[in-house]
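Structure, as structure tokens:
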Amino acid sequence: MLRVPTFLRHPGAPLVVLMAVLTLRYIGLYFADPALPGNNLQYPAGWWGWWDQSQYIGSARALAQGDLSVAKHWYPMGYALLGAPFTSFWPAHPYFLVGLAALLLTAWAFLRFARRTGVGDWTATALFLGSVAVDKALAQQWAIPWNTTPTTALLWVMLWLVADHMAGQRRPVLLGALVSAVALMRPTDLLSAGIILGGLGLHEIWHRRAAAWGTIWRVALGGAVVGLAGLALHVAIYGFAKSPYMLLSTNIGFSLHAYGWKAFNLLVAPQPWWGTGQGLISRHPWIGLALVLLPFAVRRGPAVAVLAVAAVVHVAFYIAYVDLLPTGLWLFHNVHYFKWVGPAFALLAWLGLVQAAARQRGWPVPAAVSAAILLLLCVRIVPVPAGNADRWRAVQMPGPTPGFDQSYFKGDAVLRDAAGEMRNIPDMRLYPVPQGMRAFGLRRDFVPPVEALPEGARPIVSRAVLAWPCWLPGKPAACRRLGGA
């Protein structure tokens with residue numbers, strides 16, 4: 001009989017094992033990354049030569065020197081503040097310890113939250129490692145400096161504190177401070193923090209009523225302390241004007257245009273439209289399983305329901321971001337936008353399976369809803385020739401295949417149609433495909449006639465069909481090859 005080592009039977013063993021494995025994985029990925037500064041002699045700056053990362057380190061260095069000039073600061077100050085103390089200690093790697101600390105804090109909070117939902121520590125350890133550390137593309141997002149790294153830790157600590165609060169162990173001032181900290185790190189993720197806090201508020205009002213006001217003012221107090229400090233720093237740098245980052249984000253913004261098409265491209269199968277790429281659910285089917293089993297998982301309790309709503313809304317929100325395309329999901333590491341929801345969906349998938357297997361009273365209702373969700377995930381949004389359609393989702397333009405930068409990032413490219421001008425990047429996107437290039441409408445469809453199209457250009461529209469899911473094994477060739485031409 002296999003004898004389990006005494007150490008592994010200790011209550012703290014899962015946490016120790018998880019921390020050790022994550023630390024080794026992080027160190028290995030960090031120093032082996034081709035983009036690590038100094039790893040590539042042709043590009044010695046490494047990721048500090050990328051746009052986002054160059055702004056992070058430039059701002060951190062400026063803060064360390066007390067320089068508050070507008071030209072030195074682009075993004076919200078939270079992430080730069082974390083890196084500033086390390087710019088003199090380890091100039092080339094000021095975010096190494098920040099990233100490692102955030103990863104370990106996230107793992108610790110995940111285990112604490114999972115324990116509140118009745119999941120054992122060894123199971124939670126396996127779920128976290130499976131959803132964070134196994135896939136190199138996901139694990140790499142912790143090694144690369146991103147402001148989503150500390151934000152992920154903050155959101156998971158919030159979830160753990162909310163689960164504790166619902167169980168009677170309350171720290172409302174800390175919760176409020178964490179919400180403001182998320183805003184200082186990454187304002188777009190404030191939506192997730194707000195949902196987590198809002199879920200707690202509803203729970204308090206429903207269960208504690210009069211006592212809930214005590215929680216509310218304490219949360220507000222914690223939020224005000226951190227928020228006012230952040231506001232003071234913003235005013236010291238920008239005055240009462242919007243930062244350049246705020247102005248650019250407003251210009252790109254979000255759009256609900258062709259939302260189902262965008263969701264299919266990002267989550268399921270971009271290949272029929274773009275000829276390349278991989279959907280988030282296709283690469284990580286546990287996300288699809290979690291979505292299907294959500295009606296069962298949320299029966300585990302209010303903390304799980306808060307997690308489910310926050311995770312689903314987070315994904316739904318980013319799908320609407322105009323500049324988030326399947327081409328950049330893996331190529332430009334935009335998958336880091338979804339960093340915090342990876343372990344969330346792994347936990348939800350496990351809880352859904354456990355709850356479904358239990359077949360508790362009333363199980364036919366969640367079973368019916370799960371069947372409906374599965375049916376929705378069987379829908380394919382496929383490209384077909386436009387025929388006489390009065391609006392086009394995309395246009396296939398024949399000719400030599402251009403270079404990626406010469407099409408995808410061509411900022412002065414414009415197409416004019418019956419409804420006006422379509423500018424590359426904010427309104428449409430050009431993308432090289434075999435034997436030519438495609439233009440995709442991002443804020444609206446093309447309205448014919450479109451001026452100056454080359455001879456032989458073929459308009460494309462989308463069609464919804466019900467078929468075997470492209471995110472499951474055994475997907476047909478139609479899910480993997482360019483279509484619509």
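Note on region 117-128: among residues that are in a helix (DSSP H, G or I), touching a residue at least 12 places away in the same chain (Cβ under 8 Å) and more than 18 Å from ALA311 (Cα to Cα), the one that is most open to solvent (accessible area, probe 1.4 Å) is TRP122. Just the residues that are buried (at least 19 other Cβ atoms within 10 Å of the Cβ) and part of a helix (DSSP H, G or I), please, taken from region 65-80. MET77, GLY78, TYR79, ALA80 - these are the residues of region 65-80 that are buried (at least 19 other Cβ atoms within 10 Å of the Cβ) and part of a helix (DSSP H, G or I). With respect to (1) without any contact (Cβ under 8 Å) to a residue 60 or more places away in the chain; (2) touching a helix residue (DSSP H, G or I) at 6+ places or on another chain (Cβ under 7 Å), the lone exception for GLY49 is condition (2). Open to solvent by 80 Å² or more (accessible area, probe 1.4 Å), closer than 26 Å to GLY78 by Cα and in a helix (DSSP H, G or I) - does that describe any residue in region 35-51? Yes, region 35-51 contains a residue that is open to solvent by 80 Å² or more (accessible area, probe 1.4 Å), closer than 26 Å to GLY78 by Cα and in a helix (DSSP H, G or I).
When we screen ARG423, ARG393, ARG429 for residues that are open to solvent by 50 Å² or more (accessible area, probe 1.4 Å) and at pLDDT 90 or above, the only hit is ARG423.
Within the group LEU351, LEU331, LEU293, LEU267, which residue is aliphatic (A, V, I, L, M), under 23 Å from TRP142 (Cβ atoms), out of contact with any strand residue (DSSP E or B) (no Cβ under 7 Å at 6 or more places or on another chain) and buried (at least 21 other Cβ atoms within 10 Å of the Cβ)? Don't jump to the end; show me each part of the working.
On the way: LEU351 fails: under 23 Å from TRP142 (Cβ atoms); LEU331 fails: buried (at least 21 other Cβ atoms within 10 Å of the Cβ); LEU293 fails: under 23 Å from TRP142 (Cβ atoms).
Every option except LEU267 fails the conditions.
Could you list, in sequence order, all residues of region 404-433 that are in contact (Cβ under 8 Å) with a residue 24 or more places away in the chain and closer than 17 Å to ASP390 by Cα? Result: LEU415, ARG416, ASP417, ALA418, ALA419, MET422. Cβ-Cβ contacts under 6 Å between residues 6 or more apart (or on different chains), taken from a first residue in region 59-84 that is more than 16 Å from SER243 (Cα to Cα) to a second residue that is part of a loop (DSSP other than H, G, I, E, B), are listed as ALA60/THR87; ALA60/PRO94; ARG61/THR87; ALA64/THR87; GLY83/PRO94; GLY83/TYR95. Whether a residue is of a type in the set (A, V, I, L, M) and within 25 Å of the chain's Cα centre (by Cα) was assessed, and LEU202 does not pass this test.
The values are calculated or read from the model by the stated rules, or taken from the named source; none is laboratory data. Since the structure is predicted, the reported quantities are computational estimates derived from the model, not experimental observations. Note: ideal-geometry Cβ built from the backbone for every residue, glycine included; neighbour counts use all protein chains shown. Side chains included, ligands, DNA and RNA excluded: accessible areas come from the protein's heavy atoms. Shrake-Rupley method; radii C 1.70, N 1.55, O 1.52, S 1.80 Å.
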